[in-house]
Amino acid sequence: MTTNDVLKKLRFAIKLNDAAMLELLAAGGAPAERAQLDAWFLADDAPGYVDCPRRALAALLDGLILRERGPRPATDAASPGGSAGKGAGAPEPFLDNNQILKKLRIALQLQEGDMIAIMRRAGVELSKSELSALFRKKGQKNYQECLDQFLRNFLAGLAGYQRADTANRS
């Protein structure tokens, strides 16, 4: 899944407008211009299309964590969702699907049951152990790579989950 695809699906799933996305990018340490954002949302074959850098997606997710959860305590110098010891503006060395999923879980304060319900909305049955395997460290015995199709389904289920959650509050 390309970063542009994740950006588009995330925008739809949690209902972000351009202004909110630009705010989140700036809060995450990668400010962008409106024209740059527009280029990321063009169709792949459209003139002016630009690949969204992984650093920009990471910054957007970090900004979402800051907006939804607030800044970390001053005693912890780690970036939101990142490893201890990295500064708030430190670039992600590599952002994979597992890290995207983890940042979304942190930002949206999703519990295990929420994540399973989101996947169920997307038509995927998932056990607690299958879910926990996605959040383990690479190299651990039960680590499972988050494949593109899983992330795509999660973002689709998240859109439905958010809409149902909003409808229940009204």
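Since every read-out is calculated from the coordinates, none of them should be taken as a lab result. What you see is a predicted model; the values in this text were computed from it and never measured. Here the Cβ is made from the backbone with ideal geometry for all residues, glycine too, and neighbour counts use every protein chain on show.
Working note: Karplus 6.51/-1.76/1.60 with θ = phi - 60° gives the stretch 94-105 the couplings 6, 10, 9, 4, 4, 5, 4, 4, 5, 5, 5, 4 Hz, where Gly and Pro are set to x. For the listed residue pairs LYS8/LYS137; LYS9/LYS103; LYS8/LYS138, the alpha carbons are over 24 angstrom apart in LYS8/LYS137; LYS8/LYS138.
Here the Karplus relation 6.51 cos²θ - 1.76 cosθ + 1.60, evaluated at θ = phi - 60°, turns the backbone of the stretch 7-24 into coupling constants of 4, 5, 5, 5, 4, 5, 4, 10, 6, 9, 8, 4, 4, 5, 5, 5, 4, 5 Hz, with x for every Gly and Pro. Protection proxy ranking for 64-72, 133-141, 95-103, using the average of other Cβ atoms within 10 Å per residue and placing the highest first: 95-103, 64-72, 133-141.
Under a 5 Å amide H cut-off, with hydrogens placed 1.01 Å from N, ARG136 pairs with GLN144 among residues at least 5 apart or on other chains. Report, please, the projected area of the stretch 1-49 averaged over directions, based on the convex hull of its C-alpha atoms, in nm². If you wrap the Cα atoms of the stretch 1-49 in a convex hull and average its projections, you get 3.5 nm².
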